[in-house]
Amino acid sequence: MLKRGTQLGFTIVELMVGIMVLAILLAMGGPGFATWMQNSQIRTMSDAVKDGLQLARAEAVRRNAQVRFELMDSLGAGCAQATTGPNWIVSMDGAAGACNSTNMADDAAPAAPRVIQSRPAGDGSRNATVAASQAAVVFNGLGRVTPAPAADITINVTNPTGGSCAASAGPMRCLRIVVGASGQIRMCDPRWSAATNSEGC
């Protein structure tokens, strides 16, 4: 039971002190949170590209047929391959000009491009950018890249909106997906060397 004269709640001074402490904490944590959000977009895009490549390879082995992973400038009717394309499509035929096709690989009577899966750039990674050494990767029934590339295929993922890469003393942890001629797919951090760090390129 409350005694007479007991006050409940906060005084205006206590409330103002609480608001000031909260404002200071938000000011200190805000930039770090923004950097974390921009870095998470790089990770989301990198994971999505790696997943698309792994899907294409697995489907090639499962179907014992060639399956393509293509980076595209869009996923509309007028789509074209682009080494900087943030969208991707996995299909059994070249999908250029038909990325919006409803002809799926598992249809009863499939027609080109026989789409297996696609992913638009806006799915959680709208600020991330891609720069690949080639726009299309084709896997054969053995899971190998065909035709065999002279060097590893690389796909670099960055986020200029968040700043430059850590390799250039920036705040962004940029990532690289590497596809070897044997079909091996791995993600690495270009700021480190593979010889000195297991996460390095």
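The values are calculated or read from the model by the stated rules, or taken from the named source; none is laboratory data. Since the structure is predicted, the reported quantities are computational estimates derived from the model, not experimental observations. Note that each Cβ is placed from the backbone with ideal geometry, even for glycine, and that neighbours are counted across all protein chains shown.
Could you count how many residues in segment 155-172 are of a type outside the set (A, V, I, L, M), closer than 25 Å to F69 by Cα and in contact (Cβ under 8 Å) with a residue 40 or more places away in the chain? Final tally of qualifying residues: 2. Within segment 173-189, the set of residues being in a loop (DSSP other than H, G, I, E, B) and crowded, with 18+ Cβ neighbours inside 10 Å comprises R173, C174, G183. If the condition is being surrounded by fewer than 16 Cβ atoms within 10 Å (Cβ to Cβ) and in a loop (DSSP other than H, G, I, E, B), then segment 153-169 contributes P160, T161, S164, A169.
When segment 58-88 is limited to residues that are among the hydroxyl-bearing types (S, T, Y) and farther than 19 Å from T102 by Cβ, the one that is surrounded by the most Cβ atoms within 10 Å (Cβ to Cβ) turns out to be T83. Of all residues in segment 41-57, none that is under 16 Å from A131 (Cα atoms) has its Cβ atom under 7 Å from the Cβ atom of a residue that is in a helix (DSSP H, G or I) and acidic (D, E), 6 or more apart or on another chain. Within segment 89-120, restricting attention to residues that are in contact (Cβ under 8 Å) with a residue 40 or more places away in the chain and not in a loop (DSSP other than H, G, I, E, B), the residue that is surrounded by the most Cβ atoms within 10 Å (Cβ to Cβ) is I116.
Scanning segment 126-177 for residues that are at positive phi and at pLDDT below 90 gives G163, A169.
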